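The values are calculated or read from the model by the stated rules, or taken from the named source; none is laboratory data. Since we're looking at a predicted model, the values are computed, not measured. Because the Cβ atoms are built from the backbone with ideal geometry, glycine has one as well, and the counts that use them run over all protein chains shown.
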């Protein structure tokens, strides 16, 4: 509807405009074209408006195509009509103009003809006066034929239109004889002449018969020489002349005959007749008086044809028009006086002529000689408008079509986009689903393989099974990675927010790779700056994943040299950038050159905008670098390092394995931690990967944390070493820094010297004695004599002989050296250094009792023995044998063990107040399984906590503990995923407060797993009865 | 008998037990748990295992004789037996238990009965082996020697 309205409005406006312009155009001529341009402008503005409206319309609702078709059609038809109208209008204008021109020309001619005629007539009238004066007024007459003829001849120029003048006198019959006698001729009649036309040659007046007897006669007595033949002829006998004469004497004015062929010349002519009166008559005299007073008649012959011809010759442009002069006294039979009779139905214009005779009517008819020319202006203008309109229509059409096409395309694109997005989501979902679905049976396969390994197998079979299990594990790892990638891509991955110890995480990762590093002879080291807080809040699992990934890559590609992990605060690094650049390339962990790690964080935003770091906020930004001396990444491959599934080359996966997904996942994880990742790599020298990650500070957010901090793993062992002093002999400052960091974690004061001499001097100078000396293996091997000398002097100079340790990279070589050096009290500490291992080694060497389990080398019992004595632990298992074994294991480490064989018993025992520090519970029990028992215990704890909280129960009766929550550990031999997941599910549904996956523990009754369990307990702040949720 | 010979015989016998798959790592760890404070720990645990197992085997035999067999109950018993056998490291018994539980899940009476036979057999085997091992140990101890680890 809107469209229609616009269209109609527009066409109306255009019409008005056009009409206006057209009239103006015809008036202004030249400026017309300009006007048309204006008109066009207006049209185009309208079209623009229409477009505008169209777009608005599009915005709200899509106009159907048919609408546009109709609009277009009406547009075309409308403009066709308009152009036809313009054509008609313009051609009519032209015709009108032509008519006007013709009219003015015709009028001009008529007026001239009339004027000249009047002049002649006046002269004839003057002549009649002359005759009445000199012929009739005088007696005898002063005029005779001779005089008359001469006079008229000489005054002929006065009467340009008359060919001749004659005078006839009135003669009554009574006077005829006397008259004839007087004149000497008889009055002759004219009518015979008319009947028998004569030729000029044999013209003879004698041929005329004498006039019959009439009442009166009007014989010509005087005549101009040209027409002297008419003398003696009675005018009254001629039909035309008689009428003329009668009318002339009656009216007293000049009268005209109808045109008739003249005597002798036989040309068409008219005769003007004036009556000559005897006396002056008043103007109001009656016709009878006039007849009575008549003396004679003066007649002038007008040769109309030649007359008009002559006249027209005088005028310009005579050839453009045709002139006809007609006597129209008798309307129905007009007598042509001049001009061709060629009838033409073209334009004809009539001008009335007044020759002074009211009886006779004459008119002049004018025509153009040529037919009217084609109205080219009108034709071109209208066609032009039509063409423009059609073009505009075409443009509209094309535009609409184009818009429709573009819209269609756009719709298609949208569809495709949706499809593509859906496909992407589907891909991720598919990956996630399939991965999950594969993982579940894979766990079954792994579990079964594990069981298969326990069966009676020979060596080959065992090897096969091991290989199968290793492959299965690799597959599960890959699936987990793919699952991670899919989760990240679909945005489903969320980071946890739990407290964790960064140093412990790095220790764990280090222990993971220590075996491999030792096999390859690559030195592995971790250094964490003192500025980094003990605990952070974040996702330790994911952080660990990134570190593991980077270190895994490093160790894969490094054959010699070192892998060095450093952790700093971002602020710290920014401050020290200038200092760092000074460090020489040789000052690295193993002495091999490395890729400068400064380069790896060049592009980081964090460094470019320092203002974004708020020193007072809770957030802690750490920067982690993993530096290796591996083969490096080829320059051409560096750009796609973070692209999933893109490895450096196809040969890489053959030689080193892996999917190439790890770095991509790491990058995503780093991004999730609001950090950045970057690297620098020099082929054949090594790579350094650096990433930043944002955490929140753990210590400031919770008060309860402080009490837990004391019981940290490292702290629990460090109490033994607190206040002791150590001397590290190492010429390489970076390595010494790492050693110092680890030793300091145990609370030992460290001094670093670079060679033997300095070492000895500091030992002898030092006020307080050193308890231990740690010597880098490199120093030891370089100079065996020097070392022997040092040991000798050590014993002499020192107040108390310190224990000497060798920091060694690989165990085998160091052992060989030890034996050759022959120093018996030298203890080897294998690298990589870790606080727990270092503590164990030191303790073994320095402590008196060495009860540790020698089998593992790691001495896990060491901490357990400190941990368990005096602790009261409840073990719940329906199987007596299992119960006995588990109790035995715990008792061995000094725990006070209470056994229960049923769930109900456990619930009774664990109803507060009680003195149990932890509970180990079997999951599968008859009557009441572990899950149910745990749930009941938690319920009762919650109940009592609430009541204490509301003051219903006094805290005193509950050992001053207001928040009862005993750690419960699940015991199961079933290590298959399903049980793990079930535990998780239970924890989620029953947990109090936030719980992380890592709070879950699965302990087997088998002692190695039990140790793991206890270690885990130890780590997770087992002693204070705080809000730790275990199942 | 010479003490050294006894000790060697003991070590050989023990090794053969491991080798033939009667015992596994778990038994070693069990032995490690024994110390001055708890000198008879292994024997105590093992005799507890014997008592327990015999009770369970009888229960199982009785349960399988029933007209309508309560597989849930049987499964629970076998689970118990499996747990205790794995606790002392009697891995052959444990393995049969795994198969037993599978049959139990399938509710296969014949399989169950067959497995019960096997379990009985394996149990009596491991019992005699362990008893003779303890006898040897006792002999060494009475001869004044120490048990070689």
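Some points to look at:
- Being surrounded by fewer than 18 Cβ atoms within 10 Å (Cβ to Cβ) and facing another protein chain (nearest Cβ under 8 Å) is true of residue B:44.
- Boolean, residue A:524 is in contact with a strand residue (DSSP E or B) (Cβ under 8 Å, 6 or more places away or on another chain), touching a residue at least 60 places away in the same chain (Cβ under 8 Å) and not in a helix (DSSP H, G or I): yes
- The criterion of at least 2 residues that are modelled with pLDDT under 80 and more than 30 Å from residue A:292 (Cβ to Cβ) is met, among helices (runs of 4 or more DSSP H) falling completely within segment A:103-209, by A:191-195.
- Criterion (surrounded by fewer than 19 Cβ atoms within 10 Å (Cβ to Cβ), within 14 Å of another protein chain (Cβ to nearest Cβ), modelled with pLDDT under 75 and at positive phi) met by exactly one of A:857, A:870, A:894: A:894
- The set of residues in segment A:69-84 being surrounded by 19 or more Cβ atoms within 10 Å (Cβ to Cβ) and within 14 Å of residue A:394 (Cα to Cα) consists of A:71, A:75, A:79.
- Of the residues A:251, A:228, A:232, the single one that is out of contact with any helix residue (DSSP H, G or I) (no Cβ under 6 Å at 6 or more places or on another chain) and within 18 Å of residue A:303 (Cβ to Cβ) is A:228.
- Filtered by the rule that a residue be crowded, with 19+ Cβ neighbours inside 10 Å, touching a strand residue (DSSP E or B) at 6+ places or on another chain (Cβ under 8 Å) and not in a strand (DSSP E or B), segment A:743-755 gives A:743, A:748.
- Test: residue A:457 is in contact with a helix residue (DSSP H, G or I) (Cβ under 9 Å, 6 or more places away or on another chain), outside any helix (DSSP H, G or I) and under 21 Å from residue B:25 (Cα atoms): yes
- Yes/no for residue B:118 being surrounded by 15 or more Cβ atoms within 10 Å (Cβ to Cβ) and either in contact with a strand residue (DSSP E or B) (Cβ under 9 Å, 6 or more places away or on another chain) or modelled with pLDDT of 85 or more (or both): yes
- Of the residues making up segment A:364-384, those that are in contact (Cβ under 8 Å) with a residue 40 or more places away in the chain and more than 60 Å from the chain's Cα centre (by Cα) are A:364, A:365, A:366, A:367, A:368, A:369, A:370, A:372.
- Matching entry among A:838, A:883 (being modelled with pLDDT of 70 or more and more than 14 Å from chain B (Cβ to nearest Cβ)): A:838
- Taking residues in segment A:907-920 that are assigned to a loop (DSSP other than H, G, I, E, B), and partners anywhere that are at pLDDT 80 or above, the pairs with Cβ atoms closer than 6 Å and at least 6 places apart or on different chains are A:910/A:937; A:911/A:940; A:912/A:944; A:915/A:872; A:916/A:872; A:916/A:874; A:917/A:872.
- Flag for residue A:474 being surrounded by fewer than 12 Cβ atoms within 10 Å (Cβ to Cβ) and either more than 14 Å from chain B (Cβ to nearest Cβ) or outside any helix (DSSP H, G or I) (or both): no
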